[in-house]
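Heads up: the structure comes next, in structure tokens.
The values are calculated or read from the model by the stated rules, or taken from the named source; none is laboratory data. Just so you know, these numbers come straight off a predicted model, no measurement behind them. So basically every Cβ, Gly included, is an ideal-geometry build from the backbone, and we count neighbours across all protein chains shown.
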Amino acid sequence: MFEECLAETDLMLVLDGSKSVTKPNFDLVKEWVKRLAEGMHIGHGHIQIGVVQYSYFHPNRPWRRQRFIKTEIGLGQYKTKARFDAAIDRIRIVYKNALTIGNVLTNYKGLAHGRMKQVADGQSGPCKKCALCGNHGVHKAMVYEQCIFATRSKDIRLKQVLDCKNYGVYAATCRICKEQYIGQTKNRFSTRWNHHRSVWKEHDIKEGNDNAALLRHYAVKHPELFATYPDIAECFCVTFLQQPPFKDLDACEAKWLKITQATINIQKMVLPRVR
Ligand SMILES: [Zn+2]
Ligand SMILES: [Zn+2]
């Protein structure tokens, strides 16, 4: 009857391997897991069991670098009870201060298969709905989706997973010459870029403020292309660099300006007025 109920079941167990658990208690839990597995007849192939040991979550790290969240037994990895038990016996408690187990529970699927979600750190996931992300193919997607951000002097591995709904500091990189522009926003990146896009469409480089910097770059550096009224997405790609607390936005922007030596920003300050 019991077997009937659990037909075709995937069961992922999360063992608390943090300091709050003593080794004798951890061993008790291991024995309990073995007893639980006994009633499930894993050899029949209907029920797959996996085991994850969790002791700590690094908030700013990608899943593949969470060394304190370990897939001890992949889902359905062992087909016999004896091998499953032996694998349970081999598990050693990690003993790390726990932060929150909720992070594990919400990502159990990736853990169950012994691999982490492919959303690496610094990777910007496209919503595909806003203009920045391509808007169902109406616009060309502008978001640079790699976690390695190339500047003139070095490659930088981005630490945060940001998308168009985040705010913060962003870079626009010229698709032709790779020169860069750094900007910040307290609104969503997608909202900020709607504004960039509308300024771009005006095609007016005389505008005095910051918003025309991207246009001026094309007018000065790529005048032939500029003359064809290209779509902004054809000219720049966008990288979401960092989302600091609001109060640190200016400092964060300054930091990225320094790192990137963003010539498109600098240009607007040193170039004479373009007619
Ligand atoms: Zn989007
Ligand atoms: Zn350029």
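Residues in the range 64-84 that are in a helix (DSSP H, G or I) and surrounded by 17 or more Cβ atoms within 10 Å (Cβ to Cβ): F84 only. Of all residues in the range 217-252, those being within 20 Å of the chain's Cα centre (by Cα) and acidic (D, E) number 0.
Every residue, every condition in (1) in the same structural domain as V161 (by TED's automatic domain parsing); (2) more than 26 Å from K159 (Cβ to Cβ); (3) more than 16 Å from ligand 1 (Cβ to nearest atom), yes or no:
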| residue | (1), (2), (3) |
| --- | --- |
| E224 | yes, yes, yes |
| Y229 | yes, yes, yes |
| I232 | yes, yes, no |
| F236 | yes, no, no |
| K247 | yes, no, yes |
| K255 | yes, no, yes |
| I264 | yes, no, yes |
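Residues that are more than 21 Å from P126 (Cβ to Cβ) and surrounded by fewer than 14 Cβ atoms within 10 Å (Cβ to Cβ) within the range 179-192 comprise just one, K186.
Residue by residue, here is whether (1) modelled with pLDDT of 75 or more; (2) over 18 Å from T173 (Cβ atoms) holds:
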| position | (1), (2) |
| --- | --- |
| R115 | no, yes |
| P126 | no, no |
| L132 | yes, no |
| N135 | yes, yes |
| V138 | yes, yes |
| D155 | yes, no |
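Reported count of residues in the range 124-160, each being more than 14 Å from ligand 1 (Cβ to nearest atom) and either in contact with a Gly (Cβ under 9 Å, 6 or more places away or on another chain) or within 25 Å of H58 (Cα to Cα) (or both), is 10.
Checking the structure you have, find out if any residue of the range 193-211 is among the small types (G, A, S), at pLDDT 90 or above and surrounded by fewer than 23 Cβ atoms within 10 Å (Cβ to Cβ). Looking for residues that are among the small types (G, A, S), at pLDDT 90 or above and surrounded by fewer than 23 Cβ atoms within 10 Å (Cβ to Cβ), one finds at least one in the range 193-211, hence yes.
This table checks each residue for (1) under 32 Å from the mean Cα position of the chain (by Cα); (2) not polar (S, T, N, Q); (3) not assigned by TED's automatic domain parsing to the domain that holds A82.
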site: T9; (1), (2), (3): yes, no, no
site: V14; (1), (2), (3): yes, yes, no
site: V21; (1), (2), (3): yes, yes, no
site: N25; (1), (2), (3): no, no, no
site: W32; (1), (2), (3): no, yes, no
site: G39; (1), (2), (3): no, yes, no
site: H44; (1), (2), (3): no, yes, no
site: F57; (1), (2), (3): yes, yes, no
site: R61; (1), (2), (3): yes, yes, no
